[in-house]
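In what follows, a structure is listed as structure tokens, so that the remarks can point back to it.
The values are calculated or read from the model by the stated rules, or taken from the named source; none is laboratory data. Computed from a predicted structure; not experimentally measured. A quick note on method: Cβ atoms are made from the backbone with ideal geometry, for glycine too, and the neighbour counts reach across all protein chains shown. Ligands, DNA and RNA are stripped out before the accessible areas are found, and what is left, the full protein with its side chains, is counted by its heavy atoms. Shrake-Rupley method; radii C 1.70, N 1.55, O 1.52, S 1.80 Å.
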Amino acid sequence: MADHRPGYGGTLAAGGMSVELPLWRAISFFRVMALAYAILRYFGSFHDFLHPVSGWIFFGALTLWTLASSRSFAGPQRCTWYVLATDLAFAVTGIVMSGLIDTAARIHAGAPTLPTIWAAGSVLGFAGKGGWRWAAFAGAVVGVANIAGHGGITPDNLHNIVLLMLAGCAIGYVIELARASEAALTRALQVEAATRERERLSRDIHDGVLQVLALVQRREGDLGELGRLAGEQERALRTLMTGGQPATAAPDGEQDLLPLLGRYTDDRITLSAPATPVRLPGQAATELSAAVGAAVDNVRRHAGGSARAWILVEDEPEAVTVSIRDDGPGYPAGRLAEAERAGRLGVSQSIRGRLLDLGGTAELYSAPGEGVEIELRVPRAHLAG
């Protein structure tokens, strides 16, 4: 498991790209450009140094190190503390060498050090790895090297040190905020995933176990039928407990919705559908069929023994719509909210919850004496995405 604390460079968005990686790429690019700038500056003034050959030797080593470590600066995992320590050592070495191989007059006049702004790349690396505190540490080391090895305490030195410290600490603080925000987002996504899984299990239990228990409570059906249903729900619960899918789950490929809906028809329930198959992704067909089954079960339980119902399927290019309408007594406004407060979640979980997972909608229309109509609509664009 990646460590998310500052200083460990953990990528917080599991399976995705961390928001700090673009900053690391910017730091890697900055080091290469800063090296080119430092070499060009030295090329234009090396003849003014006391020991110009020493400067070229340093730049040869610095070039090899910068190129060799470019991959390490591609992200927090690759950029280890050993790499950063070596990088900082090169910066300090170049600053101290500048005071040894340059002339006193040039140093007094404010001549830049050998690495010039390349040293800022080391501070930025510490900022990315450990946050603003480590950036302050690296900036202080570079500042001490400037004061002790190149020119002492001068207005130019102090000005450059303050700018370096501010830039490093600011970048480090931004990266710490990015990591904290990413960690919070990851936790929120985990909570959302757990909530959705609980809702899925709740729907499965409602459609199976709770229906059987309700049947037992009403003492409807013969003992053989109750035994068969109880056995089916035992197998379904064992499958859920072991993390598998119910035996009736649809395959991964496309599936015709119509045979799934045909199971709900009888002498009271009529299905009207296109003559051609209504193909949907397997999981979507199963979930939509289960939502229709929950609506049909509500008709059988609440619409009365003589009520009839009609299932209408409309297969359009942009969406699949299934309407379930009965001629029962209907219900007054506020009945659904009252049922939810009482813990009866058939409509909210088995119907609306499933359609929400599919990116669709479930609309219910009813009035006393006018029956109930439920319209389930699933956009094909969402299923294709």
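Below, the figures for the structure above:
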| quantity | calculated |
| --- | --- |
| Residues of the stretch 292-310 satisfying the condition of being among the aliphatic types (A, V, I, L, M) and in contact with a helix residue (DSSP H, G or I) (Cβ under 7 Å, 6 or more places away or on another chain) | V292, A294, A295, A307, A309 |
| Residue in the stretch 113-132 that is more than 39 Å from the chain's Cα centre (by Cα) and open to solvent by 10 Å² or more (accessible area, probe 1.4 Å) present | yes |
| V53 closer than 19 Å to T86 by Cα, among the aliphatic types (A, V, I, L, M) and assigned by the TED database to the domain that holds Y173 | no |
| Qualifying position, being surrounded by fewer than 22 Cβ atoms within 10 Å (Cβ to Cβ), within 33 Å of the chain's Cα centre (by Cα), over 15 Å from V32 (Cα atoms) and among the hydroxyl-bearing types (S, T, Y), among T86, T80, T154, T103 | T80 |
| Any chance N146 is open to solvent by 50 Å² or more (accessible area, probe 1.4 Å) and under 26 Å from S70 (Cβ atoms) | no |
| Some residue of the stretch 272-280 being touching a strand residue (DSSP E or B) at 6+ places or on another chain (Cβ under 8 Å), in a strand (DSSP E or B) and either of a type in the set (K, R) or open to solvent by 70 Å² or more (accessible area, probe 1.4 Å) (or both) | yes |
| Single unsatisfied condition, G152 versus (1) assigned to a helix (DSSP H, G or I); (2) modelled with pLDDT of 75 or more | (1) |
| Scope the stretch 343-363; condition modelled with pLDDT of 85 or more, surrounded by fewer than 16 Cβ atoms within 10 Å (Cβ to Cβ) and not in a helix (DSSP H, G or I); matching residues | G359, T361, E363 |
| Odd one out for G221, checked against (1) modelled with pLDDT under 60; (2) assigned to a helix (DSSP H, G or I) | (2) |
| Residue list for the stretch 62-77, restricted to those being among the aliphatic types (A, V, I, L, M) and either modelled with pLDDT of 90 or more or open to solvent by less than 40 Å² (accessible area, probe 1.4 Å) (or both) | L62, L64, L67, A68 |
| The stretch 284-298, residues that are of a type outside the set (D, E, K, R) and open to solvent by 10 Å² or more (accessible area, probe 1.4 Å) | T286, A290, G293, N298 |
| Qualifying residue in the stretch 102-115 (condition: on the phi > 0 side of the Ramachandran plot and not in a helix (DSSP H, G or I)) | yes |
| Test: residue in the stretch 166-188 that is over 21 Å from W24 (Cα atoms), modelled with pLDDT of 80 or more, aliphatic (A, V, I, L, M) and more than 17 Å from the chain's Cα centre (by Cα) | no |
| Leading residue by the ranking (nearest to L158 (Cα to Cα)) among those in the stretch 67-112 that are touching a Lys or Arg at 6+ places or on another chain (Cβ under 8 Å) and free of Cβ contacts under 8 Å to residues at least 12 places away in the same chain | S72 |
| Options E314, E375, E287, E340: the member that is assigned to a helix (DSSP H, G or I), in the same structural domain as L260 (by the TED database) and at pLDDT 85 or above | E287 |
| Identity of the residue in the stretch 7-50, buried (at least 19 other Cβ atoms within 10 Å of the Cβ) and in a loop (DSSP other than H, G, I, E, B), that ends up modelled with the highest pLDDT | F49 |
| Candidate set from the stretch 279-293 (those that are within 25 Å of the chain's Cα centre (by Cα) and in contact (Cβ under 8 Å) with a residue 60 or more places away in the chain); member that is nearest to Q255 (Cα to Cα) | P281 |
| Any pair with Cβ under 8 angstrom, 6 or more apart, that starts in the stretch 157-180 at a residue that is of a type in the set (D, E, K, R) and ends at one that is open to solvent by 50 Å² or more (accessible area, probe 1.4 Å) | E176/P6; E176/W132; R179/H4; R179/P6 |
